[in-house]
């Protein structure tokens, strides 16, 4: 528990081939990381439509993590390049519309990077604790 | 080639119809898509094959019932039958080009015939004005486009007041009206072989159009910048999301903005299906967590999703604002958001049909800091 008792909720969209396996490796390697992340497995980071991220944010997720293969390593060759452009656009649109782009992270984590997955979740959780709860969580009009 | 079309008896509309009739009768196109007058007093685009019906054509009527690009798209997909001359305004042309990039239209069998636009009115405003005898509106607009709205006439549509692209010179045929004394004549730019087939003679290039277009663009760009700056300030006011919510607070979820948008095309749109018909427990859970839940739910999601899916291609026609029954400035938000995100990708929608959409034109070596 943090000092103010706030535990952020992170929704993670992880690609089947790299980051999801990386998360699995973190588990089988017994690496400790905060239990604040809820994982949703997709076949590719390129399959993450903006609406998935938006739905999570507007429904009160404090952060959204998109995990994909490193550039050049995509199982489908270029899905992560599409994900990258989409996230660049999404972040700009969140910024212009007065929302918080800092609540969306895109990270390349390979199947062998269990440690990096654990570190990413730890770092994101700490960042979100510092930011405080998403204002959407309690807003009846969202 | 540029030719000059003289106007007889001050009847500009008849001269424009004459140009269209020549193009259709010469067989250059098999049909013309052009606004025809309706019994209601407004105009609607129609696919015309009988030259005699061009007597009802009114491409000058400064009214904006629909963006015709959508309908044109339907006629150009799969197996198009014959060449269509599409008489449209700049914003419709640009929507058409975006539809081509979205694979919802094809320009191979289309001859784009652009008509200079001095601005348009919403349908009810237009109908009110033309109910007065002899009130055509467009002569006043073209006579002094810079004074529109301040010369006693009704106010133009919000989008037109800040339209920085009133002309579309990338079309194959351009009916040039701005900067001309329309009681005397206007110019038409068209491909040489077409001009040859129609026996039209070249005219001097010198007229006042460029100067007038430049002045008009400068005036409307200044207005656009002021309006979009104000909109961005509104979006960023208060706690995160408060500005956006305030702007869309009156939304009744009629989905008119989505229906009227010429480029929002998905037949399988998730907001048209039951995706957001949640289970009863879900509504109750949200209501308990938040104390109350706005219904219908997911309204902010609807607008944010549309912004994310469409703003990169938004050409700013303002059809969304025109059809909003509760006067939400949808188009302003789209232009404010679209302007920013388009500049991130250095993208100007609506011009080159061969250009790739920004989300498709990815490269391996770009934004390498993202994801690290």
Counting only DSSP beta bridges with both partners in the protein assembly as shown, the antiparallel fraction in percent, to the nearest 5, comes to 35 percent
Stretched fully, the stretch from residue B:275 through residue B:53 gains (0.36 nm per residue minus C-alpha distance, one decimal, in nm) 75.4 nm
Ranked by GNM mean-square fluctuation in chain B (Cα springs under 10 Å), the top entry among B:95, B:105, B:203 is B:203
Taking every residue of B:285-297, the Cβ atoms of other protein chains inside 10 Å of its Cβ average out to 3
Here the tail fraction of P(r) beyond 13 Å, over all Cα-Cα pairs of the stretch B:318-372, rounds in percent to 72 percent
Mean separation of Cα contacts under 8 Å (at least 6 apart) over the residue count of the stretch B:95-234, i.e. the relative contact order in percent, is 27 percent
The FRET efficiency for residue A:119 and residue B:128, from their Cβ-Cβ distance with R0 = 56 Å and rounded to 0.05, is 0.30
Residue B:14 and residue B:363 label points (each 7 Å along its Cα→Cβ direction) are spaced in nm at 5.7 nm
Once both label points are put 7 Å beyond Cα along the C-beta direction, the residue B:136-residue B:348 separation in nm becomes 3.3 nm
Note on the protein assembly as shown: alpha-carbon gyration tensor, axes a ≥ b ≥ c; rule is a/c under 1.5 for rounded, else prolate if a/b larger than b/c, else oblate; result prolate
Rounded to the nearest 5, the percent of antiparallel DSSP beta bridges in chain B equals 55 percent
So for R0 = 56 Å, FRET eff. of residue B:2-residue B:239 from the Cβ-Cβ r, to 0.05, ends up at 0.50
Per its Cα gyration tensor (rounded if a/c is under 1.5, else prolate when a/b beats b/c, else oblate), the stretch A:22-77 is best filed as oblate
Rg/Rh of the stretch B:46-168 (Cα atoms, Kirkwood Rh), to two decimals, equals 1.00
Quick note on B:96, B:284, B:1, ordering by fewest other C-beta atoms within 10 Å, gives B:284, B:1, B:96
Mean projected area, convex hull of alpha-carbon positions in the stretch B:107-240, reported to one decimal in nm², is 12.2 nm²
So residue B:226 and residue B:214, fully extended at 0.36 nm per residue minus their Cα-Cα distance, gain in nm 2.5 nm
Chain B: relative contact order from alpha carbon pairs under 8 Å, six or more residues apart, as a whole percent, is 19 percent
Fewest-first ordering of B:3, A:125 by Cβ atoms within 10 Å yields B:3, A:125
In deg cm²/dmol, rounded to the nearest 500, the helical mean residue ellipticity at 222 nm of chain B, built from -39500 (n - 2.57) for every DSSP H run of length 4 or more, is -11000 deg cm²/dmol
With Cα springs under 10 Å, the Gaussian network model of chain B assigns the largest mean-square fluctuation among B:117, B:269, B:106 to B:269
Gyration tensor on Cα atoms of the stretch A:10-132, a ≥ b ≥ c root eigenvalues, a/c under 1.5 rounded, else prolate if a/b beats b/c, else oblate, says oblate
Restricting to Cα pairs under 8 Å and 6 or more apart, the percent relative contact order of the stretch B:227-344 works out to 36 percent
Listed with the fewest Cβ neighbours within 10 Å leading, B:323, A:121 appear as B:323, A:121
Here, residue A:112 and residue B:184, labelled 7 Å along Cα→Cβ, have an inter-label distance in nm of 7.9 nm
With Cα springs under 10 Å, the Gaussian network model of chain A assigns the largest mean-square fluctuation among A:18, A:74, A:44 to A:74
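Coordinate-derived values only; no laboratory data. Everything numeric here is computed off the predicted structure, so don't read it as measured data. In this analysis, Cβ positions are derived from the backbone assuming ideal geometry, glycine residues included, and neighbour counts consider all displayed protein chains.
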